[in-house]
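Remarks on the structure that follows.
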Amino acid sequence: MDELINHSIPNLFNGISQQSASIRQPSQAEAQENAYSSIVEGVHKRHPTNHIAKLSPDQIGAAYVHVINRDTTERYVVSITNNAIQVWDINGVQKTVNAPSGYGYLASAAPSTDFSVMTIADYTFIVNKTITTAMTAGAGPKATTEVQTFAKLPATGVGGTTYKITGDNTNSFGTYYVLWNGSTYVETTVLNTNTINPATMPYKLVREANGTFTFAQVTWKDRLVGDLLSTPEPSFIGHKLSDIFFYRNRMGFLSGENVIMSRAGDFFSFFGETATQVLDTDPIDVAVSHVKVSTLKHAIPFQRNLLLFSEQTQFVLAATDLLTPKTVTIHATTEFECSVKAKPTASGSNIYFPVDKSGYTGVREYYVANFQLTFDADDVTAHTPKYIPGNVTKLLSSTNEDVVIALSSSEPGSLYVYKYYWTGDEKSQSSWSRWTLKDGASILSADIMNTKLYLVVQRADGVYMESIDLQAGLIESDMPVLINLDRKTKITGSYNSTTNLTSWTVPYDETDLVFVQGGPFGTRAGDTTGATKVSPYVWQVMGDYSASYCYVGVPYTFRYRFSPQYFRDQNKVAVAECKLKLRHMRVFFTNSGFFSATVKPKGRDMSTYEWTGKQLGTDTMVIGAIQIGSGVFKFPVLSDSITTIIELTNDSHLPCFFQSAEWEGLVTSRSTRM
């Protein structure tokens with residue numbers, strides 16, 4: 001029995017799925033590259049990278065790159081390599097770095113993984129995770145004169161004499177020490193080894209008032225009172241640091257299974273103020289307790305708590321209204337294995353962290369269940385288990401744009417983008433896609449500030465800073481579309497009337513640039529010039545194009561592959577017994593300038609159907625001008641719905657936006673499902 005049916009795909013914004021096509025959501029795709037999913041605009045060609053500056057003519061290898069987000073008007077990029085550090089502002093202007101203590105602390109065989117960095121206002125603290133911390137060696141303990149109570153001290157002490165007060169059964173404190181300073185007794189220490197060796201501790205990178213930076217040792221406060229029992233050394237001494245954080249007005253470190261935090265409001269002090277009592281402001285030094293060895297790797301402030309990550313367990317450090325040595329607690333919350341190569345990232349009320357999956361990477365979404373007030377983590381890659389490659393080195397997120405981005409050293413030229421949207425307690429969107437840069441590009445690092453994604457990209461001729469604006473509804477300032485060219489920049493050419501050639505000098509060396517005329521060219525705005533390369537940085541074309549600027553950049557391809565289509569019953573369950581042959585397909589689009597629909601039936605040649613926006617007889621049909629339109633594009637399929645590959649592509653500089661689709665097909669069924 002044959003029946004002609006029509007079926008709609010209500011939206012296209014839920015990215016790819018690696019589930020069997022028969023159980024996927026209609027809004028999920030087989031493949032999605034250089035596309036961005038939006039519940040407002042649909043799926044569209046991702047926004048281009050914008051060229052900002054060339055940071056270095058030389059490759060810097062596996063550097064650690066950190067972005068200093070000082071405020072909305074002042075931001076910097078820091079590159080740390082073996083025994084070297086460089087700083088640029090967000091416009092690519094290099095800043096002077098002075099190093100009175102030298103660069104020895106930055107010695108590293110693997111800079112991209114050996115450092116942890118944190119910025120507080122004008123101070124950026126850099127941890128070398130390979131260096132063992134230590135105290136500066138001193139002489140043995142001082143000689144003391146022993147008395148039982150403070151009241152038994154002589155009325156006038158002997159200058160330079162240290163008195164040991166042992167206490168009695170009427171005191172609530174143990175032994176402490178005092179020194180006569182000439183007029184009164186002051187508490188002191190009996191030890192001569194009281195200084196943390198600054199060469200083994202995190203260094204500071206300070207933005208100075210004159211715009212330069214200083215890389216130097218930190219002066220950590222000495223132990224001033226007590227002994228090894230009453231005022232012990234921080235537990236990180238003799239061990240390596242694995243992370244640095246800032247929480248409740250304290251600077252903190254992770255070392256082994258311990259969490260160590262400074263005195264409240266006194267970031268460089270890790271010794272108690274007095275040996276006679278424990279003050280609320282004193283340093284905090286606590287260890288996790290678990291049946292497994294739980295070496296802590298990352299600390300993330302999260303909803304008034306501090307979330308701690310080891311390779312197999314997650315812990316929460318919490319306290320009452322005040323965080324003090326007496327109120328602090330640590331307890332295990334969840335037992336999820338995680339990859340510690342990339343630091344988890346917080347986005348809104350959730351934290352995202354990577355998970356190793358046999359050569360691939362999964363991502364979990366950590367949250368607090370509203371009603372149970374318990375912690376849990378959902379796998380947001382459950383439907384894409386073999387999509388993100390292994391060795392994810394960085395996760396970053398934007399709360400403004402509801403997006404999480406993963407970088408992997410296994411695919412250094414790609415970004416894996418997760419777009420989500422919550423409607424109350426229900427997730428309406430959960431979309432994964434891949435963005436790729438031109439072959440040969442290696443993304444060293446990335447960061448998101450407000451709605452802009454900043455990239456530090458290493459290419460054959462050096463290291464560049466680029467940005468992608470993630471916000472919706474972008475258009476150029478001089479025309480009603482966004483020019484989609486990577487490494488995009490605006491350049492005005494120079495015209496030689498003798499040769500009748502216009503020449504442009506571009507700030508980078510590429511082989512396949514496109515030159516698009518800017519808005520001041522009038523009816524020719526948005527059209528390409530056909531320029532060709534004549535030397536590494538110079539491009540030319542016949543004719544005079546020097547009247548204004550052109551947009552220059554590298555083309556990239558948008559690709560959206562539909563999932564195989566199935567005939568489904570009233571319960572939306574695929575019916576395997578029914579054979580579906582698609583006749584044609586329609587896609588609903590808006591504000592698009594160009595796209596192609598390709599149909600590749602199994603065992604047959606591929607057919608391509610283009611939409612260019614050019615419609616004869618319309619008042620917008622002007623030769624040489626860009627044509628942007630909205631509507632419905634219909635193209636034939638005429639083949640089996642499961643084995644035919646149907647794709648939407650766009651390799652031009654013009655945009656494309658797709659909201660939904662529908663198809664018409666002939667269903668052949670041998671029986672009726674009851």
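The values are calculated or read from the model by the stated rules, or taken from the named source; none is laboratory data. Computed from a predicted structure; not experimentally measured. Glycine gets a Cβ as well: all are built from the backbone with ideal geometry, and neighbour counts include every protein chain shown. With ligands, DNA and RNA removed, areas are computed over all heavy atoms of the protein, side chains included. Shrake-Rupley method; radii C 1.70, N 1.55, O 1.52, S 1.80 Å.
Placing unit charges on C-beta atoms (Lys and Arg positive, Asp and Glu negative, everything else neutral), compute the dipole magnitude of region 461-586 about its Cα centre in debye, rounded to 20.
On the way: 13 positive and 13 negative charges, 191 e Å.
Using Cβ point charges on Lys, Arg, Asp and Glu, region 461-586 gives about 920 debye.
If you stretched the chain out fully between ALA84 and GLU337, how much longer would it get, using 0.36 nm times the residue separation minus the C-alpha to C-alpha distance? Let's see the in-between values first.
Values: separation 253, 0.36 × 253 = 91.08 nm, distance 3.45 nm.
Additional length available on full extension: 87.6 nm.
Using just the C-alpha positions of region 526-578 as equal point scatterers, what log10 of I(q)/I(0) does the Debye formula give at each q in 0.15, 0.27 1/Å?
Those come out to -0.62, -1.17, one per q.
Take the Cβ-Cβ distance between LYS152 and ASP266 as r, set R0 to 41 Å, and report the resulting FRET efficiency rounded to the nearest 0.05.
About 0.80, to the nearest 0.05.
List the aspartates and glutamates whose Cα lies under 17 Å from the Cα of LYS129, skipping any in the same chain that are fewer than 8 positions away.
Within the straight-line limit of under 17 Å, LYS129 reaches these aspartates and glutamates: ASP114, ASP243, GLU257, GLU311.
Suppose only helical runs count, i.e. DSSP H with n ≥ 4. What mean residue ellipticity at 222 nm does that imply for the chain under -39500 (n - 2.57) per run, divided by all residues and rounded to the nearest 500 deg cm²/dmol? Working shown, then result.
Working: 1 runs with 4 residues, N = 674.
Helix-only estimate at 222 nm: 0 deg cm²/dmol.
Any idea what % of Cα-Cα pairs in region 50-150 are farther than 22 Å?
45 percent
Evaluate E = 1/(1 + (r/R0)^6) for TYR185 and LEU228, where r is the Cβ-Cβ distance and R0 equals 22 Å; express this FRET efficiency to the nearest 0.05.
Details: r = 22 Å, r/R0 = 1.00.
Taking R0 as 22 Å, the efficiency between TYR185 and LEU228 is 0.50.
Using 0.36 nm times the number of residues separating LYS427 and ASP509, minus their current alpha carbon distance, what extension gain do you get? Write down the numbers at each step before the final one.
On the way: separation 82, 0.36 × 82 = 29.52 nm, distance 4.38 nm.
Contour length minus the Cα-Cα distance gives 25.1 nm.
Just to confirm a number: summing +1 for Lys and Arg and -1 for Asp and Glu over residues other than GLU401 whose beta-carbon lies under 13 angstrom from that of GLU401, what do you get? It would help to have the intermediate numbers written out before the result.
Working: positive: ARG46, LYS419, LYS452; negative: GLU41, ASP402, ASP469.
Here the charged neighbours net out to 0.
Can you list the lysines whose alpha carbon sits under 21 Å from that of LYS438, skipping same-chain ones fewer than 8 residues off?
Straight-distance partners of LYS438: LYS45, LYS54, LYS394, LYS452, LYS488, LYS490, LYS533.
Calculate the FRET efficiency for ALA576 and THR274 from the Cβ-Cβ distance with a Förster distance of 60 Å, rounded to the nearest 0.05. Let's see the in-between values first.
Values: r = 77 Å, r/R0 = 1.29.
After rounding to 0.05, the efficiency reads 0.20.
Using the Karplus equation 6.51 cos²θ - 1.76 cosθ + 1.60 (θ = phi - 60°), what ³J(HN,Hα) coupling, rounded to whole Hz, does each residue of region 144-152 give in order, writing x for Gly and Pro?
Result, rounded to whole Hz: 10, 10, 9, 9, 7, 9, 4, 5, 8.
Using the eigenvalues of the Cα gyration tensor, what equivalent ellipsoid semi-axes result for region 436-535 when each is taken as the square root of five times the eigenvalue, whole Å, largest first?
On the way: eigenvalues 145, 82, 19 Å².
They are 27, 20, 10 Å, listed largest first.
Quick one: compute a quarter of the convex hull surface over the Cα atoms of region 387-431 and quote it in nm².
Values: hull surface 14.2 nm².
Mean projected area for region 387-431: 3.5 nm², to one decimal.
Explain nothing, just the number: dipole magnitude of the chain about its Cα centre with +1 on each Lys and Arg Cβ and -1 on each Asp and Glu Cβ, in debye rounded to the nearest 20. Walk me through the numbers on the way to the answer.
Working: 55 positive and 62 negative charges, 153 e Å.
In total the dipole reaches around 740 debye.
Work out, step by step, the length gained on full extension between THR324 and SER410: first 0.36 nm times the residue separation, then minus their alpha carbon distance; give nm to one decimal. Could you put the intermediate results ahead of the total?
On the way: separation 86, 0.36 × 86 = 30.96 nm, distance 4.33 nm.
Here the answer is 26.6 nm.
Within region 143-301, how many Lys pairs that are eight or more residues apart, or on different chains, come under 18 Å at the alpha-carbon? List each step's numbers first, then the result.
Values: LYS152/LYS164; LYS204/LYS221; LYS204/LYS240; LYS240/LYS297.
Value for region 143-301: 4.
So what are the three principal axis dimensions of region 239-306 from its Cα atoms, in whole Å, longest to shortest?
36, 25, 21
D for region 99-192, whole µm²/s, Stokes-Einstein with Kirkwood Rh over alpha-carbon pairs at 4 °C and 1.567 mPa s: what number? Don't jump to the answer; show the numbers that get you there.
Details: Rh = 17.6 Å.
So the translational diffusion coefficient is about 74 µm²/s.
Within region 450-477, find all residues whose amide N lies under 18 Å from a label point positioned 7 Å from the Cα of ASP71 along Cα-to-beta-carbon.
450
If you consider only alpha-carbon coordinates, what radius of gyration and Dmax does region 355-429 have, in Å?
Cα radius of gyration and Dmax of region 355-429 are 13.5, 42 Å respectively.
What's the local net charge at ARG459, with K and R +1, D and E -1, over the other residues with C-beta under 12 Å away?
Details: positive: LYS54, LYS438, ARG487; negative: ASP58, ASP439, ASP461, GLU466, ASP486, ASP509, GLU510.
Result for the local shell: -4.
Summing Lys, Arg as +1 and Asp, Glu as -1, what charge do residues with Cβ under 9 Å from the Cβ of LEU296 carry, LEU296 excluded?
With Lys, Arg at +1 and Asp, Glu at -1, the neighbours total -1.
First compute the accessible area of region 222-304 with a 1.4 Å probe, then give the percent of it belonging to carbon and sulfur atoms. Mind dumping the intermediate values first?
Numbers: 1870 of 3450 Å².
Ligands and nucleic acids excluded, carbon and sulfur give 54 percent.
Take ALA109 and ASP439, extend 7 Å from each Cα along the Cα→Cβ direction, and tell me the distance between the two endpoints in nm.
Result for the modelled spin labels: 3.3 nm.
Over region 487-575, one equal point on each Cα, no solvent: what is log10 I(q)/I(0) by the Debye formula at q = 0.17, 0.26 Å⁻¹?
-0.70, -1.31
Over 38 Å apart: what share of the alpha carbon pairs of the chain falls there, rounded to a whole percent?
Details: 110451 of 226801 pairs.
Here the long-distance tail beyond 38 Å is 49 percent of all Cα pairs in the chain.
Reachable lysines from LYS602, Cα under 23 Å, same-chain residues fewer than 8 places away excluded?
In chain and number order, the partners are LYS579, LYS581, LYS634.
Go through 420-427, 100-107, 27-34 and give me the packing order, highest mean Cβ count within 10 Å leading. Don't skip to the answer; put the middle values down first.
On the way: 420-427: 11.8, 100-107: 15.4, 27-34: 21.6.
For the peptides 420-427, 100-107, 27-34, the packing ranking is 27-34, 100-107, 420-427.
In nm², what is the average projected area of the convex hull enclosing the Cα atoms of region 448-498? Walk me through the intermediate numbers first.
Numbers: hull surface 24.2 nm².
Computed as one quarter of the Cα hull surface, the answer is 6.0 nm².
Can you check what the Kirkwood hydrodynamic radius comes to for region 338-488, Cα pairs only, in Å to one decimal? List each step's numbers first, then the result.
Numbers: mean 1/r = 0.0604 Å⁻¹.
Taking the inverse mean of 1/r over all distinct Cα pairs, region 338-488 comes out at 16.6 Å.
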